[in-house]
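The values are calculated or read from the model by the stated rules, or taken from the named source; none is laboratory data. If you're wondering where the values come from, they're calculated on a predicted model, not measured in any experiment. Every residue, glycine among them, receives a Cβ derived from its backbone with ideal geometry; neighbour counts consider all protein chains shown. Accessible surface areas use protein heavy atoms only, side chains included; no ligands, DNA or RNA. Shrake-Rupley method; radii C 1.70, N 1.55, O 1.52, S 1.80 Å.
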Amino acid sequence: MKHVQLVAILFCLVTGSGCQSLQLAIKKKPLPPARPQPPPLFWDDTVTEGKPSIVIALTDQRAYLYKGRRLVGDSTISSGRKGFETPPGHYKITQKDRNHASNLYGDYVDADGEVVKANVDVNKDHRPSGTTFRGAKMPFFMRFSHGYGLHAGYLPGYRASHGCIRMPLEMAHHYFDSSSVGTRVTVEE
């Protein structure tokens, strides 16, 4: 871009023409503001003592894992979007399933496993003839309330789930291995 500007200035000087419109044409287009990035994920596997607990901060879209009073993990999340909000409250993990699949959301697939209809809700989307339902994968699933849990999943940078707490795969794995049935989960606005 600097080369183009130099040529334009030389042209203006040599020809003596008014260069106001030329200068406007070559001005750099301003860049859109950068989207704020969350701080890096944090995991401290040296802390081994203390009862685990998980705090979900919906406003910040973060999940924190503590052992006793020590922070062990800090992860970005994607919680429930409008109409599917994750309910604040105090819960306990009631189920753990390393290879969980949704029984409500997923795809309708044919006999060869090819997707016929993607991203369906079995309560709303008609199943095409000759297809079966394949539930969305929810690795390292930890249910904390009927219909809600923490699991690995897609994180677009905003609330986008059907109510579950999605986490990066690596962090979901850490939280899964560090928690047990009965671990306290607090969801706060």
Expressed in nanometres to one decimal, the distance between label points 7 Å along Cα→Cβ at His126 and Arg81 is 2.4 nm
How big is the dipole moment of region 126-189 about its Cα centre under a simple scheme where the beta carbon of each Lys and Arg is +1, that of each Asp and Glu is -1, and everything else is neutral? Debye, nearest 20, please. 340 debye
Once Lys and Arg are counted +1 and Asp and Glu -1 for all other residues with Cβ under 12 Å from that of Ser129, the total becomes +1
Nothing charged except the Cβ atoms of Lys and Arg (+1) and of Asp and Glu (-1): what's the magnitude of the dipole of region 79-142 about its Cα centre? Round to the nearest 20 debye. 360 debye
Student exercise, region 69-180 dipole from Lys, Arg, Asp, Glu Cβ charges, in Debye to nearest 20: 500 debye
Order these peptides, 107-113, 58-64, by their mean beta-carbon neighbour count within 10 angstrom, highest first. 58-64, 107-113
Between Tyr154 and Val181, what is the label-to-label distance in nm when each label sits 7 Å out along the Cα-to-Cβ direction? 3.2 nm
Roughly how many percent of the accessible protein surface of region 61-171 is carbon and sulfur, given a 1.4 Å probe and a whole-percent answer? 50 percent
Order the peptides 167-173, 84-90 from the highest to the lowest mean number of other Cβ atoms within 10 Å of their residues. 167-173, 84-90
